[in-house]
């Protein structure tokens, strides 16, 4: 692959990641942050809600994302008994956090305002359909 072709692929991926995370972020007003994380826990792309007052620094957010993927991988040995993870949701005192596997290589992580109580409906009706619609573009 030529360097020009590689640059075009990188540019196309950046545009896709931007659009995908923007669509997730815009799907509900309670979503604070959206990140695409790879299988190694590296944040590939992220977006914050406009005007958001951060609870964690960017570095802390990246570390938290990496630790989330690491913890998730420790549970994969139970997959044959439990089935495939659809999503995992955790509530903390100041925000809520969700991990959604996109495929074997990528994960969608997001945070929501703690006050949001309809998280299951938002995830099932707004976010999961967007992930399903774009899943094939992640490779």
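The values are calculated or read from the model by the stated rules, or taken from the named source; none is laboratory data. Note that this is a predicted model, so its numbers are computed, not measured. So basically every Cβ, Gly included, is an ideal-geometry build from the backbone, and we count neighbours across all protein chains shown.
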message = Within region 99-113, does at least one residue satisfy the condition of being surrounded by fewer than 12 Cβ atoms within 10 Å (Cβ to Cβ), farther than 18 Å from residue 131 by Cβ and more than 12 Å from the chain's Cα centre (by Cα)?
response = no
request  = Can you give me the ranges of the strands (runs of 3 or more DSSP E) entirely in region 61-139 with at least 3 residues that are closer than 25 Å to residue 18 by Cβ and at pLDDT 95 or above?
outcome  = 95-101, 106-113
request  = Consider only pairs whose beta carbons are under 9 Å apart and that are at least six residues apart or on different chains; among these, list those whose first residue lies in region 72-83 and is surrounded by 10 or more Cβ atoms within 10 Å (Cβ to Cβ) and whose second residue is part of a helix (DSSP H, G or I).
outcome  = 75/82
ask   = Among the listed residues 41, 51, 35, which satisfies the condition of being under 18 Å from residue 101 (Cα atoms) and in a loop (DSSP other than H, G, I, E, B)?
value = 41
key: Number of the exception - residue 89 against (1) crowded, with 17+ Cβ neighbours inside 10 Å; (2) touching a strand residue (DSSP E or B) at 6+ places or on another chain (Cβ under 6 Å); (3) closer than 16 Å to residue 24 by Cβ   = (1)
ask   = Any residue at all in region 18-32 that is touching a helix residue (DSSP H, G or I) at 6+ places or on another chain (Cβ under 9 Å) and part of a strand (DSSP E or B)?
value = yes
remark   = The correct count of residues that are touching a residue at least 24 places away in the same chain (Cβ under 8 Å) and more than 15 Å from residue 98 (Cα to Cα) in region 54-71 is 1
inquiry  = I'd like to verify a number: residues in region 102-130 that are closer than 21 Å to residue 44 by Cα and touching a helix residue (DSSP H, G or I) at 6+ places or on another chain (Cβ under 8 Å), how many?
reply    = 9
ask   = Does residue 89 count as out of contact with any helix residue (DSSP H, G or I) (no Cβ under 8 Å at 6 or more places or on another chain) and either in contact (Cβ under 8 Å) with a residue 24 or more places away in the chain or under 22 Å from residue 126 (Cα atoms) (or both)?
value = no
ask   = Which condition breaks for residue 32 when tested against (1) under 17 Å from residue 89 (Cα atoms); (2) buried (at least 19 other Cβ atoms within 10 Å of the Cβ); (3) out of contact with any strand residue (DSSP E or B) (no Cβ under 6 Å at 6 or more places or on another chain)?
value = (3)
